[in-house]
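Chemist: Right, I'll just put the structure down here and ask away after.
The values are calculated or read from the model by the stated rules, or taken from the named source; none is laboratory data. The shown structure was predicted, so the numbers you read here are calculated from the model rather than taken from an experiment. Don't worry about glycine lacking a Cβ; one is built from the backbone with ideal geometry, like all the others, and counts go over all protein chains shown.
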Amino acid sequence: MDLYMMKNTLKVVLLTSLLPFAASAEQELTPWYVGGGLGVNNYEPNCDQKTMKVCGEDDPYAWDVFGGYLFNDYFGVELGYRDLGRAEWTDYSNKRNDVGARGMALGLVGFYPFADKWSLSAEAGAMNYLISNKKNYNTEYYSDSGIAPYIGAGIGYNFTENLKLQAKYRRYENLDDDKYNTLDMESNYWGLELSYRFGVDKPAPAPVVAPVVAAPIDSDNDGVTDDMDKCPDTPSTHKVDAQGCTIYEDAPISSRMEGVYFDNDSAVLKPESYTRLEKGAKYLKDNPHTTAVIEGHASLVGNADYNMDLSERRAQAVVDALVEKYGIDASRLKAVGFGEDNPIMEGTSPEANKQNRRIDAVVSGAEKRPVLK
């Protein structure tokens, strides 16, 4: 192998050894690919076209290795080393010629996909060739170098996203020996090429499925959905605020609280009176804009002045219980004694005395009531 061929071969080896490193940096299909081809080549003119020549034993088998870079899926550039094989013939002077060309080639290549895995290709470039003639059984040797333009076309099939097989045709022009002016040739090449594109085809992203959002639920039909409702089970007749809670208003009231009784000549609350008193305290708490006048009463037995004092003490006993036991603000309460002036049952019978020894609570102000729709 001569020095020129060694240099060119070294360039190809370096090129193909670097491409895998460039490709490994990505996890998807990269623009880099490598490959090799094998085919037959026919030089022109040759003994088949010149009847006055005598054909020898041709070695028409050609091969090439190459690397490429794709600018996009349709266009790229290729660099490779090509050996176009050799041809033999006997010329007019009865001397045997053994001619071959090889060298580095650089060209542009275009691709056109036309089916699922099929594509057409076209290429154009130039080959920096070394042409040699081992003439007269190696007793004479001629060689020269130059630039030969070429064009080509092909059809390819992708076995995978990485692996492609192509059938190729190339036409080389001006494979000339200008130095000795002994050769003036063209060339036709047919062959198959197998190429490998580096990387892994990244699958298309799965379509994003919009989450199914359940329609908001309004369980109590108050116009506020459950996710915002802080007062579930609001009556559907009530107006509600933005949080689903009943809107209240203060309504003027005037009512009486009865049913708190005392023993004869006593201002001490009877145990059974506390149940009624607790209900009254709850009402006052639920309606903070109300006040109560606690009215004390006495039976018709005894001195009228004494009974007045006794009724006042009875009213004050109720006020003290509401403040101390149930936490009602004292400013909302007032104790008033009426003595025996307002009996609810006439006479001094045991039942009349029981009914008249009593407390009445007159509640007034504003009662908290829901606003209706």
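Chemist: Is region 57-65 home to any residue that is at pLDDT 70 or above, in a loop (DSSP other than H, G, I, E, B) and surrounded by fewer than 15 Cβ atoms within 10 Å (Cβ to Cβ)?
Modeler: Here is the first cut: in region 57-65, the residues at pLDDT 70 or above are 59-65.
Those still in the list that are in a loop (DSSP other than H, G, I, E, B) too: 60.
Right, trim to surrounded by fewer than 15 Cβ atoms within 10 Å (Cβ to Cβ) and you get none.
Within region 57-65, not a single residue is at pLDDT 70 or above, in a loop (DSSP other than H, G, I, E, B) and surrounded by fewer than 15 Cβ atoms within 10 Å (Cβ to Cβ).
Chemist: Still on this structure, please answer the following. Could we say that residue 153 is over 19 Å from residue 85 (Cβ atoms) and surrounded by fewer than 12 Cβ atoms within 10 Å (Cβ to Cβ) here? First the steps, then the outcome.
Modeler: Working: over 19 Å from residue 85 (Cβ atoms): yes; surrounded by fewer than 12 Cβ atoms within 10 Å (Cβ to Cβ): no.
No; evaluated as a whole, the condition is false for this residue.
Chemist: Within region 348-362, which residues are surrounded by fewer than 13 Cβ atoms within 10 Å (Cβ to Cβ) and either in a helix (DSSP H, G or I) or modelled with pLDDT under 85 (or both)?
Modeler: Within region 348-362, 350, 351 qualify.
Chemist: Across region 222-272, which residue is modelled with the highest pLDDT among those that are of a type in the set (Ser, Thr, Tyr) and not in a loop (DSSP other than H, G, I, E, B)?
Modeler: Here is the first cut: in region 222-272, the ones of a type in the set (Ser, Thr, Tyr) are 225, 234, 236-237, 246, 248, 254-255, 261, 266.
From what is left, the residues that are not in a loop (DSSP other than H, G, I, E, B) are 246, 248, 254-255, 261.
Numbers: 246: 86, 248: 80, 254: 55, 255: 62, 261: 78.
The residue in question is 246.
Chemist: Within region 173-188, identify whether any single residue is of a type in the set (Phe, Trp, Tyr) and either part of a strand (DSSP E or B) or modelled with pLDDT of 90 or more (or both), and answer yes or no. Steps first, answer last, please.
Modeler: Keep residues of region 173-188 that are of a type in the set (Phe, Trp, Tyr), which gives 180.
Still in the running and either part of a strand (DSSP E or B) or modelled with pLDDT of 90 or more (or both): none.
Among the residues of region 173-188, not one is of a type in the set (Phe, Trp, Tyr) and either part of a strand (DSSP E or B) or modelled with pLDDT of 90 or more (or both), which makes the answer no.
Chemist: Moving on to the next point. For region 300-337, how many residues are closer than 19 Å to residue 268 by Cα, of a type in the set (Gly, Ala, Ser) and modelled with pLDDT under 90?
Modeler: So the answer is 1.
Chemist: Then there's this: Determine whether residue 206 is in the same structural domain as residue 88 (by TED's automatic domain parsing) and closer than 27 Å to residue 28 by Cα.
Modeler: no
Chemist: Select, from 94, 72, the only residue that is of a type outside the set (Gly, Ala, Ser), more than 44 Å from the chain's Cα centre (by Cα), farther than 21 Å from residue 42 by Cα and modelled with pLDDT under 95.
Modeler: Values: 72 fails: more than 44 Å from the chain's Cα centre (by Cα).
Going through 94, 72 in turn, just one is of a type outside the set (Gly, Ala, Ser), more than 44 Å from the chain's Cα centre (by Cα), farther than 21 Å from residue 42 by Cα and modelled with pLDDT under 95: 94.
Chemist: For region 144-163, which residues satisfy the criterion of being in a strand (DSSP E or B) and touching a residue at least 60 places away in the same chain (Cβ under 8 Å)? Walk me through how you get there before you give the answer.
Modeler: Initially, region 144-163 is screened for residues in a strand (DSSP E or B), giving 144-158, 163.
Scanning region 144-163 gives a single hit, 145.
Chemist: Output yes when any residue across region 187-201 is loosely packed, with under 14 Cβ neighbours inside 10 Å and farther than 30 Å from residue 37 by Cβ, and no when none is.
Modeler: Looking through region 187-201, none of the residues is loosely packed, with under 14 Cβ neighbours inside 10 Å and farther than 30 Å from residue 37 by Cβ.
Chemist: If you don't mind, there's one more thing I want to ask. Identify all residues within region 303-342 that are surrounded by 15 or more Cβ atoms within 10 Å (Cβ to Cβ) and part of a loop (DSSP other than H, G, I, E, B); write none if there are none.
Modeler: Once the filter is applied, which keeps residues that are surrounded by 15 or more Cβ atoms within 10 Å (Cβ to Cβ) and part of a loop (DSSP other than H, G, I, E, B), region 303-342 yields 326, 328, 338, 339, 340.
Chemist: Assess whether residue 365 counts as being over 60 Å from the mean Cα position of the chain (by Cα), in a loop (DSSP other than H, G, I, E, B), at pLDDT below 90 and not charged (D, E, K, R).
Modeler: Values: over 60 Å from the mean Cα position of the chain (by Cα): yes; in a loop (DSSP other than H, G, I, E, B): no; at pLDDT below 90: yes; not charged (D, E, K, R): yes.
So residue 365 fails the test.
Chemist: Another question about this same structure. Residue 345 fails exactly one of the following numbered conditions: (1) in contact (Cβ under 8 Å) with a residue 12 or more places away in the chain; (2) assigned to a loop (DSSP other than H, G, I, E, B). What is the number of that condition?
Modeler: Condition not satisfied by residue 345: (1).
Chemist: Now a separate question. Determine the pairs where a residue that is on the phi > 0 side of the Ramachandran plot, located within region 329-341, has a partner that is aromatic (Phe, Trp, Tyr) and not in a loop (DSSP other than H, G, I, E, B) with Cβ atoms under 9 Å apart, the partner being 6 or more residues away or on another chain.
Modeler: 339/306
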